[in-house]
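Before any comments, here is the structure.
The values are calculated or read from the model by the stated rules, or taken from the named source; none is laboratory data. Note that the coordinates shown come from a computational prediction; the quantities given were computed from them, not determined experimentally. Cβ placement follows ideal geometry from the backbone for every residue including glycine, while neighbour counts extend to all protein chains displayed. Accessible surface areas use protein heavy atoms only, side chains included; no ligands, DNA or RNA. Shrake-Rupley method; radii C 1.70, N 1.55, O 1.52, S 1.80 Å.
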Amino acid sequence: MSQPPRDDTSRRDASQEYPEDRFDHPELRGRVGAHRVVARPRNTWRFVIAGVIGFALLTGLGIFTVERIGASLGLDERIGGSSDTAQVEPELDPEASVAVLNGTDTPYLAEGVGEVIGDGDLGVIVFAGNAAETDVAISGVFYEDEADIPAAEGLARELGGLSIYQSNGYASYGARLVVLLGTDYGGPGADEATKMEQESSENTIPGTESPDADAGVEADASADLSAEVDAGVDASGEVPAQ
């Protein structure tokens, strides 16, 4: 059975019933279709470097903040004692009794520092000599009574900026302030100690025995004299008639 022929006229009329839109007359812009996006290479090392730099900056900022907070709170570790001197103004007391201890093997160091303190009216020297130990590393000014903190600060400042410590371990010296000299000391009095050592060496005659040796000779002579006296006494304890 044959199909009836299509009527082109009716088809055109049907198409004209709808309004035209932008799809009826598309613009040709070259190539049209799906495109693959070319993947860009990822620079991972940039992120690594940025992370390291950020970590370093944050760490440094944290350390700086902690130090600032610690300084503002007056946190300070001290050897042999502690004191809160953040609000104390140094005030030198020329009448303060001072003991100077040489904690090193440098000769005349305590005497040299004591001379500077006495001549400069920095205090009243009641003792200047060797400490019990000769391997002290850190110098300092010690006090027992907190009322002496200003005087300790003032003396420590005059001796080159030493640290101060609170301690009751030097009460036997009977001094308000005790200056303990260590191997780090290079303040006033060090040059005086060197001069004293040189003068002592120049005044010593070669071959002369030391005072300890002289003391030993005197002890031996005294012992011999005692033996001679004992020999002249008889058994009854009386000296025989000559």
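Observations
- Residue count for region 160-183, restricted to those that are within 16 Å of V136 (Cβ to Cβ) and among the small types (G, A, S): 5
- Residue match in region 92-105 (condition: within 26 Å of the chain's Cα centre (by Cα) and part of a helix (DSSP H, G or I)): no
- Region 150-191, subset farther than 19 Å from V126 by Cα and more than 19 Å from the chain's Cα centre (by Cα), residue most open to solvent (accessible area, probe 1.4 Å): D191
- T134 being of a type in the set (S, T, Y), crowded, with 18+ Cβ neighbours inside 10 Å and at pLDDT below 95: no
- Y143 being aromatic (F, W, Y), surrounded by fewer than 19 Cβ atoms within 10 Å (Cβ to Cβ) and modelled with pLDDT of 85 or more: no
- Pick from region 40-92, criterion small (G, A, S) and at pLDDT below 60, ranking: surrounded by the most Cβ atoms within 10 Å (Cβ to Cβ): S83
- Restricting G129, G161, G118 to those that are within 26 Å of E89 (Cβ to Cβ) and outside any loop (DSSP other than H, G, I, E, B) reduces the list to G118.
- Any hit, region 13-28, residues being loosely packed, with under 10 Cβ neighbours inside 10 Å, under 60 Å from the mean Cα position of the chain (by Cα) and either of a type in the set (K, R) or at pLDDT 70 or above (or both): no
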